[in-house]
Structures are given as structure tokens and as C-alpha cells.
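Here, each number is a calculation from the coordinates, and none is a lab measurement. Quick caveat, the model's predicted, so the values are computed rather than measured. We place every Cβ from the backbone using ideal geometry, glycine too, and count neighbours over all the protein chains shown.
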Ligand code: ACM
């Protein structure tokens, strides 16, 4: 009876006309002023949109119209009349992703400086309504659609608000990825970092090297061995074709999410080495197979072989064609040097470089790849991102126009990168690795950690804490990461990542002084309905009336 009562009041809070006090926006906007009354939608919504290059504001409205009409039955009509119900105008002073939204009982006024700002204003409008609107799912039980009268001025704190999914260890496929992209967009995240290669699997078709997916995308175990868990002998794998990638790229682009492809080289590369041992292995005559275990493989790429350098350049060329965005991530984490130390060519190259630090072989490899990209025409230029272990080498040959993704000792590594003049992204292992257990309960799925990365712990991490003012401009933002050694199915990925992803999104968007965990917990309650309508699993821990699993 009690649970029924709670559920009913939640349903009322989240679904009928949303009054000013009940606004449940995640991430919390920079400024909200509520007012009296509601804007009531009739059978149609007329929208006048300012002109913009390539009609791209109108494209955003058209995409909005599609899901809005489906969810509410309200028809969206473009008009040139100044008496339109919704007027979208340009204010060049606003930040690129910012917007101002004024809803009165008579009118919806939106001001933006770019299509991204309009996209976020429209996401906010959808979030001010019952969650079926955000999910794009019809709800015939609602007879009248409305918005609360409200004035919002909003812009993100950070330009980089990311989520990384490791599909090297386990492969989930494009429908699972699109669902994640939808939910990222709802939380105003804007970077999907796609970790596509690992010791345990290579997941992206590279036309010039077909064995990467003929051989490297498959292994003889679904589970990855660790401790008492042994490889199960099941043939397992999968990969994305160029067509799949193009489809996901377009899907993300329309939601203002840039995809950052990661090809993790020269470490974490056993699947690639197993596909082309003749050009990539440090020890050609040994047996190489796609790895069946967790951990860090010592079977790294032979960076002293010019064929391996050629291979990496060719892979970058195909990535550049497939991903029309700003960045490529080349990994760089956890790269054992033992095989280089035993390889005569590697030893000779290190002496030529004039270093005794084997990490500098890795830096020299990246230098050549960076120069290869720098020689491309302007439209094909990409910036490079590396995990923070590259800071253990002499980074001078890489210059300062690279980005360090700080994960281990993240706060210190980020300061180090910023002091070297590089930009940096905070993705601290503790607590932003949202594949780690979010509760110590024995009912939790198997994963890393002891259950201390709770929603609260994730929320309460303070990015860029006590960083000198002059270094702050080097901090691009924040990112949650999801590693999949233990996670074989998309439903468990979702269970672990939601709602913790929303906590990271709020750190990336909301002004630091406005963030408040208890208030976040109140605002996110409605999202149980959103997750259900999206068919997404989620951790129930902080939701009222929800059981734990
Ligand atoms: C990492 O967690 N190895 C980047």
C-alpha cells in the first residue's frame, strides 16, 4: 500500500502538468526563475526560427518536431510569422552551447547563438514535460500538454562532457550504442569516446588490414579469465563495419555529440598483433592470439618496425575518413616495455633517440603519427588525445597541442599536463569509472571495486578542485569511463552506468556552486520513467520506491 502510494505521487510529480516548484532538470541549469502559470499546447505548435547557415537551426527544429509530435500528438508547424507560439532568435553574445529560454502562458522565446544551443534549449523543454516526451514515446493518457512559466539562462561549465565505452573487451552493437547516445544527449553530454580496440578484441573494420576483423575481432571465450574464472571456450566477438560507423556517426552528430574514436596503441594491442604478427609483433616467431584474459598484456606493437608505423598511419587515415570530428585518441595507457627491452631494433632505436627511458619509444612512435596527421589538408586535421601515462616520457617531441586524459592520479596528472601547456580532461578512476560496483550489496553484478563508487561518491567528486586560476583554461572538462572486462551484456552496462552518468553530466554542465547532491537526488527521481520508456536498465539505489535490483 505504502509503495503504491509513493509510486503514485512520483507519477503525479513527473507526468501531469509540471508546476514551477516541481521542475526536474538534470543537469541543473545555470539560472532558473519560475513564474506563475503554464503554457498550454493546442493541437499545433507554430515555430519561427531565425535564419542560420545551411538551415541548421531549422534542422534542429525538424528533429525536435519528429519526437515531439510522436510523443504528444501536437503538430509542429514552421512559420515566418512573428506571432508564432515559439520564436527562436539569435543572440551572438551567448556561448555556443548556451541558450536563454523564456516561457510565459502566451509564448516560448528561445535565444541562442548556434544550433547546439537550440538543441539544448529544446532538450530542456522536453525535460520540463512528462518523461515520455524526452523518450519520444506516446502517452495517450495525457489529454493536455503544457510547460511551466519559467525563465532559464543556461550554458555549460565545461566544453567537454564525455562518456567512454570500452567495446574491446565486450561488444554490444550499434543499437545499444544509439540508446546510450540518446541518454547522453538528454543529459547534455557532448563527447562519446568509443574505445574500439583492446588486447581482447579489435572492433572496427579497417579496409587496408582485413585480418584485424577477420582474426582480431574474435576470440575463444566470452568471459575474460581472471582468478578462478577461466576462459569458457565459446567463440565470441563482433565488429563495426564502415557502414555501421557512418550510421552511428550521423546518429550522434544530430544529437550534438562528437565521437572520439580510440585505437589504443602500441599497448593494449594483442588482438592487432595476433592479426598481423609479421609486421606488429616484437617476437615474430612466437604464438600470438586474441587475448582471453583480463589485465594488461605484454604483447605490444613493435614500435621500431617501420611497417608497424606504416600500419598505424594507415589506420589513422581510415579513422580520419570515418569520423568527421575534432579528435582521435591513441590510447597510451599501461604499455609494458619488457618486449622492447628484449628486442634489438627497439634497443637500437632508443639509443638513436638518445634516451634510456623505454617510454620514449612510445613517444617517438606518436611523434611520427602526429607528423603524419599534421601533413594532411586542413579538413583532415585531428587533435590527439592520450592517457596520462605518456607524461612518464619526455613529451617535448609531441609539442603541447595534445590533450591528456587524466585517469590514474588524475588530479595531479591533470595539473602536470596543464603545467606542460597541454589541455586535459578529468576522468578519475575513482570515482568516474562507472563500471565499478555502485554498492557493496551481494546482489550487485560482478564488476571491479568494493561498492564505494556510489552515486553520491560520483556526484561529490569536485573537478578542477583548488587548481591555480591560470591553469584552469587548460581543463576541457570531465568524462565518465566504462570498462567492460566483467560486463558481457548491454543491460548490465546500463544498470551500472545509470544514473551515475547523470551525476557526471551535472559536474560537466552545472556551475560548481549550484551543485547539491540531495537536490540532484530529488530532481533525478523522474528519470526512472525515462529509463523504463527507453528500455534502459538502471541502478535503483537512490530511487524512492525502487527495489535495489
Ligand atoms: C585505463 O584505465 N587503463 C585508462
Worksheet item: Relative to the longest principal Cα axis of the chain, at what angle does helix 500-509 sit, 0 to 90 degrees, rounded to 10?
Response: 80 degrees
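Can you give me the relative contact order of region 283-385 as a percent, contacts being Cα pairs under 8 Å and 6 or more apart?
Relative contact order for region 283-385 comes out at 36 percent.
Treat the count of other C-beta atoms within 10 Å as a stand-in for reagent exposure and order 32, 108, 301 from fewest to most.
Lowest count first: 32, 108, 301.
Where does each of 114-121, 468-475, 251-258 land if you order them by average Cβ count within 10 Å, highest first?
On the way: 114-121: 23.9, 468-475: 12.8, 251-258: 19.0.
Packing proxy ranking, top to bottom: 114-121, 251-258, 468-475.
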Practice prompt. Take every DSSP beta bridge whose two residues both sit in the chain, then give the antiparallel share in percent to the nearest 5.
Written response: 30 percent
Worksheet item: Per 10 Å bin from zero, what fraction in whole % of the C-alpha pairs of region 448-487 is there, up to the bin with the longest pair?
Response: 20, 41, 28, 10, 0
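Express the C-alpha Rg of region 171-227 as a ratio against the empirical globular expectation 2.2 N^0.38 Å, rounded to two decimals.
1.41
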Item to complete: For region 60-127, give the share of DSSP beta bridges that are antiparallel, in percent and rounded to the nearest 5; count only bridges with both residues there.
Response: 50 percent
Item to complete: Two decimals is fine: what is log10 I(q)/I(0) at q = 0.13, 0.23, 0.28, 0.30 Å⁻¹ for region 105-157, from a Debye sum with one equal scatterer on every Cα and no solvent?
Response: -0.38, -1.00, -1.23, -1.29
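If you average the sequence gap of Cα pairs under 8 Å that are 6 or more apart and divide by the length of region 431-525, what percent do you get for the contact order?
Numbers: 105 pairs, mean separation 31.3, N = 95.
Once normalised by length, the contact order is 33 percent.
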Worksheet item: Angle between the Cα long axis of helix 359-374 and the longest principal axis of the chain, 0 to 90 degrees, nearest 10?
Response: 60 degrees
Worksheet item: Can you give the angle from 0 to 90° between the axis of helix 344-353 and the longest principal axis of the chain, with both taken from C-alpha atoms, to the nearest 10?
Response: 70 degrees
Worksheet item: How far apart, in nm, are two points set 7 Å out from the Cα along the Cα-to-Cβ line at residue 79 and at residue 35?
Response: 1.9 nm
Worksheet entry | Mean Cβ count within 10 Å, highest first, over the residues of peptides 223-233, 417-427, 452-462, 262-272 | 262-272, 417-427, 452-462, 223-233
Worksheet, complete the sentence: Rounded to the nearest Å, the spacing of the alpha-carbon centers of region 68-94 and region 461-491 is 35 Å
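Give me the Å³ per residue figure for the convex hull around the C-alpha atoms of region 251-325. Before the final figure, lay out the partial values.
Working: hull volume 8.2 nm³, N = 75.
Value for region 251-325: 109 Å³ per residue.
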Worksheet item: Using the count of nearby Cβ atoms within 10 Å as a rough guide to exposure, how do 161, 446 rank from fewest to most?
Response: 446, 161
Worksheet item: So how much slack lies between residue 287 and residue 246, counting 0.36 nm per residue of separation and subtracting their Cα-Cα distance, in nm?
Response: 11.3 nm
Fill in: Euclidean distance of C-alpha centroids, region 321-336 and region 99-157, integer Å
35 Å
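What are the semi-axes of the equivalent ellipsoid of the chain, taken as the square roots of 5 times the eigenvalues of the Cα gyration tensor, listed largest first and rounded to whole Å? Mind dumping the intermediate values first?
Working: eigenvalues 371, 132, 93 Å².
In descending order, the three semi-axes are 43, 26, 22 Å.
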